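Below you'll find the structure, written out as structure tokens, and then a few comments.
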Amino acid sequence: MDAFLHTLHDVVMTVTEILINLFELFGALIILYIGIITVYKFFRLRFTQTSTELRIRFGRTISLGLLFYLAAEIFKMITIRDTETLIIVGVIIILHIVISVLIAWEVEHGLKVVREEQELDRECEDGECD
């Protein structure tokens, strides 16, 4: 019975390590991809248009990438064997949450700016613009 439990433990630890690496890889690929796309689209604007919509999309996608990193950190909690590692992983999780909240706030602020710009555009089209 002990041999079976030891083997089962080894399988769980191996699968967990694979999942941690996959989630971290997905998070990195998502952030890298949106970074490249955002820089490309920003330079296509040629500094003549607002980049608020780009910031909103960039923020939302970074938030998605960070969720993958957060999932990886949660999986790391399975492999923890001492208090020091638990504290480090806990701090990392808190940092991920804080960053995600800040990004969500930035996206919400960006959406507000876009709405205000659209309202001003409508007012100017109606001839109410000074």
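Taking segment 46-89, which residues are open to solvent by less than 60 Å² (accessible area, probe 1.4 Å), over 20 Å from Glu17 (Cβ atoms) and hydrophobic (A, V, I, L, M, F, W, C)?
Leu54, Ile56, Ile62, Leu66
Among the listed residues Val98, Val91, Val39, Val113, which satisfies the condition of being in contact (Cβ under 8 Å) with a residue 60 or more places away in the chain and in a helix (DSSP H, G or I)? Break it down stepwise before answering.
On the way: Val98 fails: in contact (Cβ under 8 Å) with a residue 60 or more places away in the chain; Val91 fails: in contact (Cβ under 8 Å) with a residue 60 or more places away in the chain; Val39 fails: in contact (Cβ under 8 Å) with a residue 60 or more places away in the chain.
Answer to the selection: Val113.
Would you check which residues across segment 25-71 are under 22 Å from Glu108 (Cα atoms), aliphatic (A, V, I, L, M) and within 11 Å of the chain's Cα centre (by Cα) and list them?
Scanning segment 25-71 gives Ile30, Ile31, Ile34, Ile62, Leu64, Leu66, Leu67, Leu70.
Answer with yes or no whether Leu102 is open to solvent by less than 70 Å² (accessible area, probe 1.4 Å), among the hydrophobic types (A, V, I, L, M, F, W, C) and farther than 23 Å from Leu25 by Cβ. I'd like the intermediate steps shown before the answer.
Numbers: open to solvent by less than 70 Å² (accessible area, probe 1.4 Å): no; among the hydrophobic types (A, V, I, L, M, F, W, C): yes; farther than 23 Å from Leu25 by Cβ: yes.
Criteria not met by Leu102.
Can you tell me which residues in segment 1-42 are more than 20 Å from Tyr69 (Cα to Cα), of a type outside the set (Asp, Glu) and surrounded by fewer than 14 Cβ atoms within 10 Å (Cβ to Cβ)?
Met1, Ala3, Phe4, Leu5, His6, Thr7, Leu8, His9, Val11, Val39, Tyr40
If you check Glu117 against the conditions, is it over 30 Å from Asp10 (Cα atoms), among the charged types (D, E, K, R) and open to solvent by less than 70 Å² (accessible area, probe 1.4 Å)? Break it down into steps so the answer makes sense when it comes.
Values: over 30 Å from Asp10 (Cα atoms): yes; among the charged types (D, E, K, R): yes; open to solvent by less than 70 Å² (accessible area, probe 1.4 Å): yes.
Against the criterion (over 30 Å from Asp10 (Cα atoms), among the charged types (D, E, K, R) and open to solvent by less than 70 Å² (accessible area, probe 1.4 Å)), Glu117 qualifies.
Restricting to segment 67-88, give me the number of residues that are part of a helix (DSSP H, G or I), modelled with pLDDT under 85 and not aliphatic (A, V, I, L, M).
2
So which of Ile88, Ile74 is under 17 Å from the mean Cα position of the chain (by Cα) and among the β-branched types (Val, Ile, Thr)?
Ile74
The values are calculated or read from the model by the stated rules, or taken from the named source; none is laboratory data. None of these values were measured; they are calculated from a predicted model. Glycine also receives a Cβ, built like all others from the backbone with ideal geometry; neighbour counts cover every protein chain displayed. Areas reflect the complete protein model, heavy atoms only, side chains present, ligands, DNA and RNA absent. Shrake-Rupley method; radii C 1.70, N 1.55, O 1.52, S 1.80 Å.
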